[in-house]
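This report concerns only the one structure given below.
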Amino acid sequence: MNISFDKKFILFLLICLVIYFQGILRLPVMDRDEARFATASKTMLINGDYIDIQMVDEKRYKKPIGIYWSQTLANTVIGKFPYDKIWIYRLPSLFGIFISFLVIFLLIKKIENSNVAFLTVFFLASSILTISEAHQSKTDGLLFLFITLCNLIIYKLIHVQKLKNLDKLIFWISFSMGILIKGPIILIFTILPLLLFSFVKKQNYLKSIWSTFGFLLLICITLPWFVLINIKSGGLFWHESIGNDLFEKVKSGKESHGFPPGYYSLLIFLFFWPGCIFLISLLKKIRLNFRKIFNNDKFSFYLILSFLCPFILFEMIPTKLPHYVYPAYLPLSILISKNIIANSFKSKIISYSSIPLLIFPIAVIALIVFSIIQFSKVDLNFLIIICSLVSFTLSLFWIKIKKNVRSLIIASGLFQIFTYLVLIFFLIPRLENLWISEKINKIITKHEKSVDKVFTIGFNEPSLLFLTSHKSSNSLENLDFNQIKEKKILLIITEKFNKNILEKKDYSSFILIDEFVGFNYSRGKNVYFKVYKN
């Protein structure tokens, strides 16, 4: 055991955790999925009902209970009423991903070596998709942990041809937890590739992973809640989660997320940077040596299948979002790392890498320039940061020309860290117009001690519901017109609803005390607000 190398890896992991935690704390609650998950968990905490899933008064039967339980547990341990700190809801995603990194390193180190294991985690940790999922209170960060545990056990099976009872126990528990988090999706990343591998290799690997005790454990872990929610919802859960959510996504592009095949193949050059720099070289090697890999390298062949099976399947499904294929980045990262180490960091592994090298840095620079010009203002700090990013990008290209692979890997990691810090400490604070719910929440907090009731009308994004559901209403039906003169009321209303409501004589006593404009990024349009107090 290389103690020194292991300590370096732990140090790397801790540095990444500390850096990413800054974003967890500073990033406002995001519309829409993150806010919906967090609001449902918040409702669960306030109501004390840990079986049903609802956002305040609205049922939310799209995903099973696992993610909500994890978020309520985090709040039970370190949160307090009114449970409106979004960073606490993000902890299951953050720690799910980082625990995954630890177990990936420990097992891949045994199957391959420490260098392959470290590079695998490095490319995953640097990926913008990893950073995105670690910072959101959704299912995919925690799901990644349980899919990873299952796949690492399968990788061990492929490598040693036999599993211990403990390995099977870990597999079935992880598989059960994956089902509780996102239903049958875990099958696509674990069982489907193993089925295909067994068929191609004419050997039943499923038999080697099977455990009667494990299957009974799966039933004991998953079945009780599914039975209880079926009873509580009168069967509505199955209709909504399977019929309206899962099948609709398979049948057609849902919620404006429909894209043709090729979507994930293109986005991999953005979301899996810097690993994608070495992707074309890997594909070329696989094409030239496929027969040799198929006959003599079972592990590499299985990695290819465990990447391609879910990746191609999701390419064919009309509804597409970047995070759907996230667990498939693990086998791809291992393959790329194996190729780099097998070639001893020689320059041939960065052949055809110029375009993949530059796509992400150029996209980042373009994003920052557009965001500042559109939503903020150009100043000296902006110019310094853009010049620094351009210089960094040119340095990356210069290192590539010099064919120094080690330096290129290190420099790309430093570029990601620098970009992340720019986004968290420079860009996000400048985009105040985007954080409408945060602005409204601050106004409510400023006045809540001097008013009896608060109403927010016309802006119904989930982020506002998460932040203010315990202290405001979005419907004037809850207000008795006869009591307006007796109660102190704060009214935050969009311009669209302003004329229709305030023309009523009942509201003649309201005085305009503030107004502001925000950009609703979920709908892609400006929204104008007026704040009244009677």
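The values are calculated or read from the model by the stated rules, or taken from the named source; none is laboratory data. Because the structure is predicted, anything quoted here is derived from the model rather than measured. Here the Cβ is made from the backbone with ideal geometry for all residues, glycine too, and neighbour counts use every protein chain on show. All accessible areas refer to the heavy atoms of the entire protein, side chains included, with ligands and DNA or RNA removed. Shrake-Rupley method; radii C 1.70, N 1.55, O 1.52, S 1.80 Å.
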Report whether or not ILE154 is assigned to a helix (DSSP H, G or I), of a type in the set (Val, Ile, Thr) and under 12 Å from the mean Cα position of the chain (by Cα). no
From the list ILE86, ILE99, which one is in contact with a helix residue (DSSP H, G or I) (Cβ under 8 Å, 6 or more places away or on another chain), open to solvent by 30 Å² or more (accessible area, probe 1.4 Å), β-branched (Val, Ile, Thr) and in contact (Cβ under 8 Å) with a residue 12 or more places away in the chain? ILE99
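Yes/no per residue for (1) out of contact with any Leu (no Cβ under 9 Å at 6 or more places or on another chain); (2) open to solvent by 10 Å² or more (accessible area, probe 1.4 Å); (3) within 29 Å of LEU143 (Cβ to Cβ):
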position: TYR264; (1), (2), (3): yes, no, yes
position: PHE278; (1), (2), (3): yes, no, yes
position: ARG287; (1), (2), (3): yes, yes, no
position: TYR329; (1), (2), (3): no, no, yes
position: ALA342; (1), (2), (3): yes, yes, no
position: LYS346; (1), (2), (3): yes, yes, no
position: SER353; (1), (2), (3): no, no, no
position: ILE359; (1), (2), (3): no, yes, yes
Can you tell me which residues in the range 102-141 are surrounded by fewer than 23 Cβ atoms within 10 Å (Cβ to Cβ), in contact with a Lys or Arg (Cβ under 9 Å, 6 or more places away or on another chain), of a type in the set (D, E, K, R) and in a helix (DSSP H, G or I)? LYS110
Looking at (1) open to solvent by less than 20 Å² (accessible area, probe 1.4 Å); (2) more than 22 Å from LEU145 (Cβ to Cβ); (3) not small (Gly, Ala, Ser), can you tell me which one PRO318 breaks? (1)
Checklist (1) exposed (fewer than 14 other Cβ atoms within 10 Å of the Cβ); (2) within 19 Å of SER93 (Cβ to Cβ) applied to ARG36, failing item: (1)
Confirm whether TYR61 is surrounded by fewer than 23 Cβ atoms within 10 Å (Cβ to Cβ), within 30 Å of ARG430 (Cβ to Cβ) and hydroxyl-bearing (Ser, Thr, Tyr). no
Residues that are of a type outside the set (Phe, Trp, Tyr) and either touching a strand residue (DSSP E or B) at 6+ places or on another chain (Cβ under 9 Å) or within 30 Å of PHE290 (Cβ to Cβ) (or both), drawn from the range 200-232: VAL200, LYS201, LYS202, GLN203, ASN204, LEU206, LYS207, SER208, ILE209
Leading residue by the ranking (farthest from ILE385 (Cα to Cα)) among those in the range 400-420 that are of a type in the set (A, V, I, L, M) and surrounded by fewer than 17 Cβ atoms within 10 Å (Cβ to Cβ): ILE401
List the pairs whose first member sits in the range 202-219 and is under 15 Å from THR190 (Cβ atoms), whose second member is modelled with pLDDT of 95 or more and open to solvent by 80 Å² or more (accessible area, probe 1.4 Å), and whose Cβ atoms are under 7 Å apart, counting only residues at least 6 apart or on separate chains? LEU206/LEU195
Any hit, the range 510-521, residues being among the small types (Gly, Ala, Ser) and either at pLDDT below 90 or more than 27 Å from GLU34 (Cα to Cα) (or both): no
Yes/no for CYS309 being surrounded by fewer than 23 Cβ atoms within 10 Å (Cβ to Cβ) and either over 25 Å from SER93 (Cβ atoms) or not hydroxyl-bearing (Ser, Thr, Tyr) (or both): yes
Residues (among the small types (Gly, Ala, Ser) and without any contact (Cβ under 8 Å) to a residue 40 or more places away in the chain) located in the range 66-83: ALA74, GLY79
Just give me the residues in the range 292-345 being acidic (Asp, Glu) and under 27 Å from the mean Cα position of the chain (by Cα), in sequence order. GLU315
Take the residues of the range 183-222 that are hydroxyl-bearing (Ser, Thr, Tyr) and in contact with a Lys or Arg (Cβ under 9 Å, 6 or more places away or on another chain): which is most open to solvent (accessible area, probe 1.4 Å)? SER208
Flagged pairs (Cβ under 8 angstrom, 6 or more apart or on separate chains; first in the range 366-380, open to solvent by less than 40 Å² (accessible area, probe 1.4 Å); second of a type in the set (Val, Ile, Thr) and part of a helix (DSSP H, G or I)) are ILE368/ILE385; ILE368/ILE386; ILE368/VAL422
Search result, residues across the range 153-175 that are open to solvent by less than 10 Å² (accessible area, probe 1.4 Å) and not polar (S, T, N, Q): ILE154, TYR155, LEU157, ILE158, PHE171
Could we say that GLU438 is within 21 Å of ASP33 (Cβ to Cβ), charged (D, E, K, R) and at pLDDT 95 or above here? yes
Odd one out for ASP52, checked against (1) open to solvent by less than 40 Å² (accessible area, probe 1.4 Å); (2) touching a Leu at 6+ places or on another chain (Cβ under 6 Å): (2)
Can you give me the number of residues within the range 5-31 that are more than 22 Å from PHE415 (Cα to Cα) and open to solvent by less than 70 Å² (accessible area, probe 1.4 Å)? 6
